[in-house]
Amino acid sequence: MTSPSHVDNDRGCLRLVLAVPLILLTLVAAYFCWTALAIRPSGPWDDDAYAGIVLSCVLAIGAAGAVAVLWLLPSVRRIMGWWWAGPAVLLGVIAVIRWVTGG
């Protein structure tokens, strides 16, 4: 009988360790994307609301970009599928659209 290699045994643990920053950064991106979408300026004079939208978009894009950069590392890509980075990238695209259209 052959036993599984040591490398295969570590894959599950490594996936769990790498999932923590990916999930946390995706949650951060989701929060700031939601904030950017929830802020409604009272009118064209409401500069504080527009600044809040821009700040939320920048932070959402930054968190989504961090997930994408982390996923682009070869050691992470080998263990984690593209669907781990997909939601964060989608949130980043939504934040870019919000920034361009309303920020």
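Axis angle, to the nearest 10 degrees, between helix 86-102 and the longest C-alpha principal axis of the chain: 10 degrees.
Report summary: the helix-based calculation at 222 nm, which adds -39500 (n - 2.57) for every DSSP H run with n ≥ 4 and divides by the residues of the chain, gives -27500 deg cm²/dmol. In a DSSP loop and with at most 14 other Cβ atoms within 10 Å, the chymotrypsin sites (Phe, Trp or Tyr not before Pro) in region 10-103 are W45.
Where (1) 8.8; (2) 9.4; (3) 7.0 are the candidate values, the label of the one calculated here for mean projected area of the Cα convex hull in nm² is (3).
Relative to the longest principal axis of the Cα atoms of the chain, helix 47-72 runs at roughly 10 degrees. Ordering G62, L22, I97 by the projection of their Cα atoms onto the charge dipole of the chain, which places +1 on the Cβ of Lys and Arg and -1 on the Cβ of Asp and Glu, puts L22 at the extreme positive end. Sequence-distant contacts, meaning Cα pairs under 8 Å at least 6 residues apart, place the relative contact order of the chain at 35 percent. Basic side chains Lys and Arg get +1 at the Cβ, acidic Asp and Glu get -1 at the Cβ, and with that the dipole of the chain about its Cα centre reaches some 340 debye.
We did not get these values from a lab; they are worked out from the coordinates using the rules stated. Predicted model, so just to flag it, every value in this text is computed and none were measured. Cβ coordinates were reconstructed from backbone atoms using ideal geometry, including for glycine residues, and neighbour counts include every protein chain displayed.
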